[in-house]
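The values are calculated or read from the model by the stated rules, or taken from the named source; none is laboratory data. Treat the numbers as computed from the prediction; the structure is a model and nothing was measured. Don't worry about glycine lacking a Cβ; one is built from the backbone with ideal geometry, like all the others, and counts go over all protein chains shown. To get the accessible areas, we keep the full protein, side chains included, count just its heavy atoms, and leave off ligands, DNA and RNA. Shrake-Rupley method; radii C 1.70, N 1.55, O 1.52, S 1.80 Å.
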Amino acid sequence: QRQRVLLWGVLLTACEAAGGQLRYSVSEEMPKGSFVGDVAKDLGLQLQSLSDRGVRIIDKGRTQHFALHGKTGYLVTAERIDREQLCRLVEKCVLRCELIMEGEMKVYGIEVEVTDINDNAPSFRQAEKELRLSEMTAPGWRFPLTEAHDPDSGRNSLKSYELSGDEHFSLSVQTSPDGDQRPELVLAKALDREETAVHELVLTASDGGDPARTGTARIRVTVVDVNDNAPMFSQAEYTVRVPENVPVGSTLVTITATDADEGLNGHVKYNFHKISDRASELFYLDSETGEITVKADVDFEDISSHELEVQARDGGELFDTAKVVITVTDINDNAPELTVSSMLTDIMEDAPSGTVVALLHMQDRDSGASGEVRCSLDEGVPFRLEKSYQEFYRVVTARELDREQVSEYNLTVRAADGGSPPLQSSAVLALRVLDVNDNAPVFAQERYSARLRENNAAGALDVPLGTTVLTVSASDADVGTNARITYNFGKLPVKVLQKFVVDAESGLITLQEALDFEDTRSFILDVQARDGGGLVSHCKVDVEVLDVNDNAPEI
């Protein structure tokens, strides 16, 4: 049987990719790691590029149902999936998740339909039912029996009922407008307490599976004396609206029924006749007073409406039925959930406008205005928010950045809902701006000047070799290698280059040969500063040679 289920789950798998949406199907109860779909093939991705692109799966709910197999590119189950647990009130069970490609900042929606298998037998809320009927009850009398429940869907759901055990009773199955089968016990033959005081019956419910599963309930009918007045509710339907923050223990509504009989036959007790498993966890009915109270926290986001059937039964087992509809109204009790799905930590200052720096996911579990999320960034920053896909947003650059003005940003993204008062959440994105070589060196002066005496052969005013002329200085607004400056001379005559030298690191200009006023009275030196990125700037150095009396008169 298990091998048939596994094979059926694989055969059901199908894929449809259009407009960024992938659709697959898989049978419930498949083991962890079962194949769902070939995501890599359907998106045209190479297997070796999956890890490079940072591909991962994000489930919309709080539980991770699916995972991406890194070596095959397959979408597989992350756990055993129980369709009845996830989609107890939904005919078509669809789970949604997103595939994030961080490297390309892309998002694909994935829908997986979980198909049903016949893993649940029909069951009755009451395995045994006690009935007391007057021996004067006329043939044709009908009594609604508790319906069986089968959480499976489609052909695997509840299909038929069968009654066995006694010729006095037969079974009639009524079909409601919504398709539910409601079994009724029908008195086919008049009762005689003196002939038979107790009738034992068995009600069997079967589903449509292959093979079919069944569940049974035992019905014990005790024949009693005449009780000719049934209880009557004050109204056929009770409706109540309650906010989801109603305190536990609060009374929602009081149902009332009256019975014209006296004594035990006129004593009315109340009970739930038809109620869902979830509603039975939330509401309590006092059998004596008819008060329906809250016994656990109700949540609009869980179930927004509950429909119950209540019975008023007297001591002779005559009854009346009424409907109770409880509508849960939403309050703004959920703040927006803001998740940073992917982000950069560093960005070059010359990155073009529109560069994506972060991918954010925002959602609010409330409804109406309380579930509408507005997001914003700090004012005055060179970034903006853009809608990406459904509840995803991108943070992109609004213009080019300038590291020399701002070297890092702490961007605060805020998400606020439309409730009153609004709830909000925020996240801080830390982004460092990296330098590019966009600033050339700048000299402290565009032109320098120095005055030096010429060499005196007599030695009175000798100018030693290596004498400092002056020091030029330049700065660069960039950082790191781009700001490292080296100095050298520009294009100069060889004769000049033989007399002067500039230190590449410090910018110190010194003499290499003695100067001669009678030969050259001044020099103009072209000094250039070059940064590590190759940007260059120039300055001029004027050197004036001062005359000394180093020549005797010639006759």
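Structure summary
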quantity: Dipole moment magnitude, nearest 20 debye, the chain about Cα centre, only Lys, Arg, Asp, Glu C-beta charged; calculated: 1180 debye
quantity: Label point distance in nm, residue 544-residue 426, each placed 7 Å from Cα along Cα→Cβ; calculated: 6.3 nm
quantity: Local net charge near residue 530, Cβ-Cβ under 15 Å (Lys/Arg +1, Asp/Glu -1); calculated: -4
quantity: Residue 546 long-range amide H proximity, modeled H, under 5 Å; calculated: 452, 453, 454
quantity: 468, 329, reordered so the largest accessible area comes first (probe 1.4 Å); calculated: 468, 329
quantity: Vicinal HN-Hα couplings computed from phi for region 536-553 (Karplus, 6.51 cos²θ - 1.76 cosθ + 1.60; Hz; Gly/Pro x); calculated: 10, 9, 10, 9, 10, 10, 8, 10, 9, 9, 8, 7, 10, 7, 10, 10, 7, x
quantity: Chain lengthening between residue 489 and residue 344 when straightened (0.36 nm per residue, less Cα-Cα); calculated: 47.9 nm
quantity: Using a Förster distance of 25 Å, the FRET efficiency for residue 204-residue 79 (Cβ separation, nearest 0.05); calculated: 0.10
quantity: Distance (nanometres) between label positions extended 7 Å along Cα→Cβ at residue 471 and residue 21; calculated: 7.2 nm
quantity: Backbone N within region 315-335 under 17 Å of label point (7 Å from residue 264 Cα along the Cβ vector); calculated: 315-319
quantity: Built amide H within the under 5 Å cut-off of residue 364, gap 5+; calculated: 337
quantity: Rounded to 5, percent antiparallel among DSSP beta bridges of region 21-115; calculated: 75 percent
quantity: Proximal charge balance of residue 155 [Cβ under 10 Å; K/R count +1, D/E count -1]; calculated: -3
quantity: Theoretical FRET efficiency, 1/(1+(r/R0)^6), r = Cβ-Cβ of residue 250 and residue 195, R0 56 Å, to 0.05; calculated: 0.65
quantity: Residue-count net charge about residue 509 - beta-carbon cut-off 15 Å; Lys, Arg +1, Asp, Glu -1; calculated: -2
quantity: When each of 41/92; 41/71; 189/274; 159/189 is checked by Cα-Cα distance, pairs over 23 Å; calculated: 41/92; 189/274; 159/189
quantity: Integer Hz, Karplus 6.51/-1.76/1.60 couplings in order for region 116-123, x for Gly and Pro; calculated: 8, 10, 7, 9, 9, 8, x, 9
quantity: Long-range amide H partners of residue 348 with built H, under 5 Å; calculated: 434
quantity: Accessible-area order (highest first, 1.4 angstrom probe) of the listed residues 30, 348; calculated: 348, 30
quantity: The chain, relative contact order in percent, only Cα pairs under 8 angstrom and at least six apart counted; calculated: 8 percent
quantity: Förster radius 35 Å - calculated FRET efficiency between residue 104 and residue 479, Cβ distance, rounded to 0.05; calculated: 0.70
quantity: Relative contact order computed over region 21-115 (Cα-Cα under 8 Å; 6+ residues apart), in percent; calculated: 39 percent
quantity: Residue 526 paired with residue 149, simple spin-label distance in nm, labels 7 Å along Cα-to-beta-carbon; calculated: 9.4 nm
quantity: Degrees between helix 2-12 axis and first principal axis of the chain (Cα, 0 to 90, nearest 10); calculated: 60 degrees
quantity: Helix-only [θ]222 nm of the chain, DSSP H runs n ≥ 4, -39500 (n - 2.57) each, per residue, nearest 500; calculated: -1500 deg cm²/dmol
quantity: HN-Hα J in Hz across region 24-33 - Karplus 6.51, -1.76, 1.60, θ = phi - 60°, x for Gly and Pro; calculated: 9, 9, 8, 6, 5, 6, 5, x, 4, x
quantity: Stokes-Einstein D for the chain, Kirkwood Rh over Cα pairs, 10 °C, 1.306 mPa s (µm²/s); calculated: 49 µm²/s
